[in-house]
Amino acid sequence: MIYVNWFSVQLPSSLVELSAASFPSSQERKDFIELNTGLHKRTYRCISADAAQLLVVLSGPCPTGPNWVPRAFSLNEHPHLFSRVVENAFAETLASMGADIERSRWEILATRGVNARVPHGLVLSTGIAAKGFYVESHAQLGLTLAWKVLAAFARTLDDPTMKAIALGRPAVKRTPSTLPGVPQRGFLGTVAGFTGDGRVQIRGRDRHMAEHAVTDVTLEATAETLRAYEAESRSGADVRWAWRRIQELSFGLNPNGRRNNGVLRDRMRAVRDFVFGENDTLPLKLPSAFNGSALVSSRPFEAPLQKAQI
């Protein structure tokens, strides 16, 4: 047997009744969501059996406007809806445990800052990336949990070292938050040059040029940029092992700087320690319509080994 980084979720019920509204087109549904601030965070979009564009309220009151009617949703027919509910509950639970949460279209990032042995000029954090996943063959919902190490530069482009390596490198917007996951979502483009009045010229994805104050922009902490930063920096020896420190935190290297042959085992252990601690399960508080809490098992999925057919 081998262990897979998928953790099963026990639901109080595989059938739930939720309020849903039908829209003539996906564009009208999108326009309605945009008119109601925050609605996208607590609703789910899908297509009904009769090809209607549905908007389903997962939690909270129904907004005024369309005709909301109760509809039944089952796990086997709408696994993505149940996955969305579990992902939201999982994020709220980890936030209550002190984790910093970032969401994207593809996954939820839950991280905590690293305080020990952090290279000068960097912000590091470790945690997990979570995604709901339905195993049809087992009729079972679960969460894939992967170990993550995130890095961000603490300095902006007014810093001489950052400015010296900036040309041609990806730039991100500086935000008040120190979370590594935040600036990456504010991708601006590629640094094309600097002006004489303290601004940076950035070429966006659409190839158009834009100018920003250097204090509002930093570089994306890619592997190539981190190596250039190490080579250029004169702030001390600790900067020059930034990439090694990241590899240690991701368990690619052991503390002696050697290749870690147990990298998958150590990442799995780190995931379980981050999410479950010493507990066997993690309870998730679901919206009231689901009539109870979900339980995430700390035991990863076991997959049988099979011989390859030659």
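Results, tabulated for the structure shown:
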read-out	value
Unique residue being hydroxyl-bearing (S, T, Y), under 24 Å from R103 (Cβ atoms) and surrounded by fewer than 16 Cβ atoms within 10 Å (Cβ to Cβ) when the list is T64, T43, T37	T37
Filter result (in a strand (DSSP E or B), within 26 Å of the chain's Cα centre (by Cα) and of a type in the set (A, V, I, L, M, F, W, C)) within the stretch 9-39	V9
Check on S137, within 17 Å of the chain's Cα centre (by Cα), hydroxyl-bearing (S, T, Y) and modelled with pLDDT under 95	no
Where A242 falls short, out of the listed (1) touching a Pro at 6+ places or on another chain (Cβ under 8 Å); (2) at pLDDT 95 or above	(2)
Residue ID - modelled with the highest pLDDT, chosen from residues in the stretch 151-177 that are assigned to a strand (DSSP E or B) and among the aliphatic types (A, V, I, L, M)	A171
Residue in the stretch 115-124 that is over 17 Å from V275 (Cα atoms), part of a strand (DSSP E or B) and touching a residue at least 60 places away in the same chain (Cβ under 8 Å) present	yes
Qualifying residue in the stretch 13-22 (condition: more than 26 Å from F133 (Cβ to Cβ) and surrounded by 18 or more Cβ atoms within 10 Å (Cβ to Cβ))	yes
Out of T195, T215, T144, T161, sole residue that is over 27 Å from G277 (Cα atoms), in contact with a strand residue (DSSP E or B) (Cβ under 9 Å, 6 or more places away or on another chain) and among the hydroxyl-bearing types (S, T, Y)	T195
Sole residue being more than 30 Å from E136 (Cβ to Cβ), aromatic (F, W, Y) and modelled with pLDDT of 90 or more, chosen from F276, F251	F251
Residue ranges of helices (runs of 4 or more DSSP H) in the stretch 199-303 with at least 1 members in the same structural domain as G189 (by TED's automatic domain parsing) and surrounded by 14 or more Cβ atoms within 10 Å (Cβ to Cβ)	223-232
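This table checks each residue for (1) surrounded by 12 or more Cβ atoms within 10 Å (Cβ to Cβ); (2) more than 17 Å from the chain's Cα centre (by Cα); (3) among the acidic types (D, E); (4) assigned to a loop (DSSP other than H, G, I, E, B).
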{"position": "G60", "(1), (2), (3), (4)": "yes, yes, no, yes"}
{"position": "P70", "(1), (2), (3), (4)": "no, yes, no, no"}
{"position": "S83", "(1), (2), (3), (4)": "yes, no, no, no"}
{"position": "E87", "(1), (2), (3), (4)": "yes, no, yes, no"}
{"position": "I101", "(1), (2), (3), (4)": "yes, no, no, no"}
{"position": "W106", "(1), (2), (3), (4)": "no, no, no, yes"}
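The values are calculated or read from the model by the stated rules, or taken from the named source; none is laboratory data. Note that the coordinates shown come from a computational prediction; the quantities given were computed from them, not determined experimentally. Virtual Cβ from ideal backbone geometry, glycine too; neighbours counted across all protein chains shown.
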